[in-house]
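Okay, so here's the structure we're looking at.
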Number of protein chains: 2
Amino acid sequence: MNLKPTDLFAALANDTRLRCLVLLREQGELCVCELTHATGSAQPHVSRHLAQLRELGLVADRRAGLWVYYRVHPALPDWACRVLDETAAAVHGQAPFSSDAANLASMPGRPSAPRCA
Amino acid sequence: MNLKPTDLFAALANDTRLRCLVLLREQGELCVCELTHATGSAQPHVSRHLAQLRELGLVADRRAGLWVYYRVHPALPDWACRVLDETAAAVHGQAPFSSDAANLASMPGRPSAPRCA
DNA sequence: TACAAATATACCGAAAACCATATATTAAAG
DNA sequence: CTTTAATATATGGTTTTCGGTATATTTGTA
């Protein structure tokens, strides 16, 4: 994967995309409805930004029945991984990132389908 | 300085700005004409992008006679510094970053005014 | 086959980013 | 005080991005 720095940074320059990536990084795998609930955004909004991340190769997706699970792409270049790490550390405990994690944890009908089929 | 992640990433998402920052990071201090020559861009183009970086607090400037020297802002948050470090390492030896450094080194009338008055 | 849930895409107008060019500002020198 | 070099800003137009809403697709189930 040949990821241009400016392309990575453009992807990280949007709140929704950055919040999703930070969530995925610490949670491993999340489906669209979980990300939608965590961020409090509309479903098409989240879905479209996930599609952008997917087209750039930043995330990978896996369908399991009705749900599509997203994760940080396992082949993400090391330097990009470290950029994400630094960012996650920098925003740790800060809004809106902290409330995203809290919303996720308290999600009522969180799908319990197999995560690693 | 309270630097929002998305603001930093938006700044890094432009070729001219990223190339200037990478140059400033490894050179310490450069004036506008040096950055203009190194990147091969038009002077107003470089100047405007430097102004954006300045307004965001990513660079500091110092006037010395006719020249204005820019540097990575000394109060840049650690995490942002590390993001820049990772990026610089990732692009090391790659175009157009490598040619920028080469262009700078071979600049004919490079101003020799005091850099640390 | 019909229906419902989860997700994806299409469409649209508003806002922002971008670049090239022209012009203004600042400071040194004569 | 005029000129020149370095830098900054303004202007206009094109392109991109963004968010909201409507709609389409996919999959499981009755």
Go through (1) more than 25 Å from A:ASN2 (Cα to Cα); (2) in contact with a Leu (Cβ under 7 Å, 6 or more places away or on another chain) one by one and return the number of the condition A:HIS73 breaks.
-> (1)
Inside segment A:54-71, can you point out the residues that are more than 11 Å from DNA strand D (Cβ to nearest atom) and on the phi > 0 side of the Ramachandran plot?
-> A:GLY57
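Assess whether A:PRO111 counts as being without any contact (Cβ under 8 Å) to a residue 24 or more places away in the chain and of a type outside the set (S, T, N, Q).
Working: without any contact (Cβ under 8 Å) to a residue 24 or more places away in the chain: no; of a type outside the set (S, T, N, Q): yes.
Considered against the rule, which asks whether it is without any contact (Cβ under 8 Å) to a residue 24 or more places away in the chain and of a type outside the set (S, T, N, Q), A:PRO111 comes out as no.
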Among the residues of segment B:1-51, how many are among the aromatic types (Phe, Trp, Tyr) and either more than 17 Å from B:ALA80 (Cβ to Cβ) or assigned to a loop (DSSP other than H, G, I, E, B) (or both)?
-> 0
Kindly check whether there is at least one residue in segment A:36-46 that is within 14 Å of chain B (Cβ to nearest Cβ) and within 9 Å of DNA strand C (Cβ to nearest atom).
-> no
Identify, please: which residue in segment B:55-94 is part of a loop (DSSP other than H, G, I, E, B) and within 16 Å of DNA strand C (Cβ to nearest atom) and is, among those, nearest to the other protein chains (Cβ to nearest Cβ)?
-> B:LEU58
Filtering segment B:1-53 for residues that are surrounded by 17 or more Cβ atoms within 10 Å (Cβ to Cβ), free of Cβ contacts under 8 Å to residues at least 12 places away in the same chain and away from DNA strand D (no atom under 12 Å from the Cβ) leaves a count of 1
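We did not get these values from a lab; they are worked out from the coordinates using the rules stated. Note that this is a predicted model, so its numbers are computed, not measured. Methodologically, a virtual Cβ is constructed for each residue, glycine included, from the backbone with ideal geometry; neighbour enumeration extends over all protein chains shown.
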